[in-house]
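The values are calculated or read from the model by the stated rules, or taken from the named source; none is laboratory data. None of the values given here were measured: they were computed from a predicted structure. Cβ: placed from backbone, ideal geometry, glycine included. Neighbour counts: every protein chain shown. Just the protein is used for accessible areas: all its heavy atoms, side chains included, with ligands, DNA and RNA removed. Shrake-Rupley method; radii C 1.70, N 1.55, O 1.52, S 1.80 Å.
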Amino acid sequence: LRFFDLQPKSYQQEMLEQLASERERGRLRNLLVAATGTSKTMVAAFDYRRLCAQLGGQPRLLFVAHREEILRQALRSYREVLRDPQFGDLLVGGAQPSSFGHLFATVASIASRNLIATLGADHWHTVVIDECHHLAATSFDAFANAVRPRLLLGLTATPERHDGQALAPYFDMRPDGSPAVELRLWHALDLQLLAPFEDYACDDATDFADVPWHRSGEREAIDKLVAGNEVRARLVVSEWQRLVADPRRSKALVFCVSVAHARYMSDWLNRAGFPAACVVGKGDPEVRRRAPIQLARGELCAIVTVGLYNEGVDLPMVDTLLLRPTESPVLFQQQIGRGLRLSPQ
């Protein structure tokens, strides 16, 4: 197995210098905010490589995320940057790591193994928390308050949470309250780090006026309006045909509200002649693994999903997005970011 000698791009080098500057000032728990598609994980890997050079070895590392796909992608990034095909172990599901020195794990796996109590809160020199806007969730909060690394690095594209809870208490923010590093979507677009896009809003007769936006019951209320809604599904297909020269050549992600909604829309697209796979958390793992490959090959023109691809997964082949109804700017930004990664094709 051969690796290229990967080096940070100029904007990533600036991020690394900002992190180093914050640490020199004694701020060791840093938040890195960068738009989807700007390779936050690669920045974390380059940061770790620099630490290795400074310390003369590979300090213990824990990389935490909430989905297996994110962890596998992160582990691959670290191995490529370090040029070490044996670096790191996965702890997810039933996987049994050979050691806990350089670990890529879900927070659920860490909790179920009681690793912090077993190994010690300061076992890892460096802890990286990907998609750290989840920190205020109960499981992540318990983990963040228990672990005591020398260096903490949080990664997110969307620090604003739906519930309004702040991430600042988990990090050493700058004196003005800002994160250590910040590269927002519009700045990334200005720097041509992401693909420009066109956004179309298609009106239909569905009335969302009674949806309790940002309150309990929001998802269920939307689901009742869209799952099984034949008029709306027909309009989605019609508008896709109107706006795209040949939808069958698209590589689309279709975001849905529920599993029922996803299965309904997948069936609708297939019956309309648009090969689509329904990929949901509790679905067939082989379908989940194979669908992105089929999309890239053109065997599918759409992956219909709920929840799985909102964040963290790199699908640069995606050129079309069909977004679920939402009034959340955070969710909108997460979903639209899935289609903004640059691709040679």
(Q) If you consider only alpha-carbon coordinates, what radius of gyration and Dmax does segment 67-215 have, in Å? (A) 19.0, 57
Q | Chain lengthening between residue 241 and residue 54 when straightened (0.36 nm per residue, less Cα-Cα) | A | 61.8 nm
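Highest mean first, what order results for 210-219, 100-109, 329-338, 183-192 on Cβ atoms within 10 Å? Please report the intermediate quantities before stating the final value.
Numbers: 210-219: 12.1, 100-109: 21.1, 329-338: 17.9, 183-192: 14.8.
Packing proxy ranking, top to bottom: 100-109, 329-338, 183-192, 210-219.
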Q. Any idea which of 62, 36, 26 is furthest toward the positive side of the dipole for segment 25-97, if Lys and Arg beta-carbons carry +1 and Asp and Glu beta-carbons -1?
A. 26
Q) Straight-line reach from residue 40: which aspartates and glutamates have a Cα under 16 Å away, not including same-chain ones fewer than 8 places off? A) 14, 17, 69, 80, 130, 131, 182, 311, 314
Q) Can you give the FRET efficiency for residue 142 and residue 72, using 1/(1 + (r/R0)^6), R0 = 25 Å, r = Cβ-Cβ distance, to the nearest 0.05? A) 0.55
**Q.** Potential extension, residue 260-residue 317 segment - 0.36 nm per residue separation minus Cα distance
**A.** 17.9 nm
Q) By what distance, in whole Å, do the Cα atoms of segment 223-345 stretch along each of the three principal axes, largest value first? A) 38, 30, 29
Q. Using a probe of 1.4 angstrom, how much of the accessible area of segment 154-291 is carbon and sulfur, in percent?
A. 50 percent
Q | Part-to-part distance (alpha-carbon centres) for segment 315-339 and segment 161-220, which is given in Å | A | 11 Å
**Q.** Nitroxide proxy distance, nm - points 7 Å out along Cα→Cβ at residue 205 and residue 121
**A.** 6.0 nm
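Based on the mean of other beta carbon atoms within 10 Å per residue, what is the order of 121-127, 18-24, most packed first? Before the final figure, lay out the partial values.
Working: 121-127: 18.7, 18-24: 16.4.
Put in order of decreasing packing, that is 121-127, 18-24.
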Q: Using only alpha carbon pairs under 8 Å that are at least six residues apart, calculate the relative contact order of segment 221-274 and give it in whole percent.
A: 51 percent
Q.
Please compute the per residue accessible area over the chain with all protein chains in place, 1.4 Å probe, rounded to a whole number of Å².
A. 49 Å²
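Using only C-alpha positions, report the orientation-averaged shadow area of the convex hull of segment 1-61, nm², one decimal.
Numbers: hull surface 21.5 nm².
Result: 5.4 nm².
With the cut-off at 1.5 for a/c, could you classify segment 173-265 from its C-alpha gyration tensor as rounded, prolate or oblate?
Working: a/c = 2.71, a/b = 1.37, b/c = 1.97.
Cα axes put segment 173-265 in the oblate bin.
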Q. Which is farthest toward the positive dipole end of segment 178-232 among 183, 208, 195, measuring Cα position about the Cα centre, with Cβ charges +1 (Lys, Arg) and -1 (Asp, Glu)?
A. 183
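What size of dipole, in debye to the nearest 20, comes out for the chain about its Cα centre when the only charges are +1 on Lys and Arg C-beta atoms and -1 on Asp and Glu C-beta atoms?
Values: 40 positive and 41 negative charges, 213 e Å.
Once rounded to the nearest 20, the dipole reads 1020 debye.
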Q.
Given Cβ point charges of +1 (Lys, Arg) and -1 (Asp, Glu) and nothing else, what value in debye, to the nearest 20, does the dipole of segment 178-307 about its Cα centre take?
A. 600 debye
Q) What spacing in nm lies between the two simple spin-label points modelled at residue 6 and residue 221, each 7 Å away from Cα in the Cβ direction? A) 4.4 nm
Q.
At 0.36 nm per residue, and after removing the present C-alpha to C-alpha distance, how many nm does the segment from residue 80 to residue 168 gain when stretched out fully?
A. 28.5 nm
(Q) Could you work out what % of the accessible surface of segment 33-85 is carbon and sulfur, using a 1.4 angstrom probe and leaving DNA, RNA and ligands out of the count? (A) 40 percent
Q: Would you calculate a helix-derived [θ] at 222 nm for the chain, using -39,500 (n - 2.57) for each DSSP H run of n ≥ 4 and dividing by the full residue count, to the nearest 500?
A: -11000 deg cm²/dmol
